[in-house]
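The values are calculated or read from the model by the stated rules, or taken from the named source; none is laboratory data. Model, not experiment: these values are computed from the prediction. Neighbour counts are summed over all protein chains in view; Cβ atoms, including those assigned to glycine, are modelled from backbone coordinates with ideal geometry. Please note that ligands, DNA and RNA were not included when accessible areas were found on the heavy atoms of the full protein model with its side chains. Shrake-Rupley method; radii C 1.70, N 1.55, O 1.52, S 1.80 Å.
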Amino acid sequence: MGGCLPSDMIRFDVSALLKAHLGQSLTLNIDTGPQALGELKVDYLRGTVRVFRIQNGLYVEGTVQTQLRLECVRCLEPFAFPTALELDETFRLSEADPRFDIPYAVGDDGWLDLAPLLREQAWLAIPMKPLCRIDCKGLCPQCGADLNREVCTCERVQIDPRLAVLKELL
Ligand SMILES: [Zn+2]
Ligand SMILES: [Zn+2]
């Protein structure tokens, strides 16, 4: 089924590891093109992840390089945000395992889907106020012109915020 769903590139058959001795491990290579991690778009995911068989679980660790597609809070233009996602997480051996303090589980088909974990880490990597560049000039509050690209003719008056409050009262 499915076959070419994009997320197949971040799903791995770990069924052999489920039956393996404690301490055994698998190395997973991730190298994808553009992906959707839920609502997040990334240009690529690249890295090496090691999966260890531990008591009652699998331990996943590694670093995945990616580039997120974000929208600048000032000019509203999309831009690329390269970052590294650090993985350090325990997975339950099956979805039926009731330890709900461990949010991730290996699928009951024996496949490890890294998408939910990568999505979570990607969200954590997003800055509070994403900026296309540190000195982004943003949009003109009056005419909406992108001030990185053009100069509009609107009068630019620096209003003291305390005076602005007074002005609204008048
Ligand atoms: Zn911007
Ligand atoms: Zn303007």
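See the values below:
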quantity	calculated
Accessible area (Å², per residue) of the stretch 24-85, counting only protein heavy atoms and a probe of 1.4 Å	49 Å²
Gaussian network model of the chain, springs between alpha carbon atoms under 10 Å - residue of Phe91, Phe100, Phe81 with greatest fluctuation	Phe100
Protein accessible area in the chain, 1.4 Å probe - carbon and sulfur %	55 percent
Listed residues Val151, Val64, Val51, most fluctuating in the chain (Gaussian network, C-alpha, under 10 Å)	Val151
Cβ-derived FRET efficiency at R0 45 Å, Lys19 paired with Gln65, nearest 0.05	0.90
Top of Cys140, Cys72, Cys132 by mean-square fluctuation, Gaussian network on the chain, Cα under 10 Å	Cys140
The stretch 43-128 - Rg and Dmax from Cα coordinates, angstrom	15.3, 50
Pairwise label distance in nanometres, Ala84 with Thr48, each label 7 Å out on the Cα-Cβ vector	1.4 nm
Enclosed volume per residue, in Å³, of the convex hull spanned by Cα atoms of the chain	186 Å³
Quotient of Cα Rg and 2.2 N^0.38 Å for the stretch 80-141, N being how many residues it contains	1.67
Simple Cβ-charge dipole of the stretch 80-130, Lys/Arg +1 and Asp/Glu -1, about Cα centre, in debye nearest 20	320 debye
Residue-averaged [θ]222 nm for the chain, counting only DSSP H segments that reach four residues, each worth -39500 (n - 2.57)	-4000 deg cm²/dmol
The chain: angle of helix 115-125 to the longest principal axis, Cα-based, in degrees nearest 10	40 degrees
10 Å Cβ shell holding at most 16 others, DSSP loop, GluC sites (Glu not before Pro): longest site-free stretch of the chain	40-94
Cα gyration tensor category, rounded, prolate or oblate, for the stretch 25-83 with a/c compared to 1.5	prolate
Chain lengthening between Arg99 and Leu76 when straightened (0.36 nm per residue, less Cα-Cα)	4.1 nm
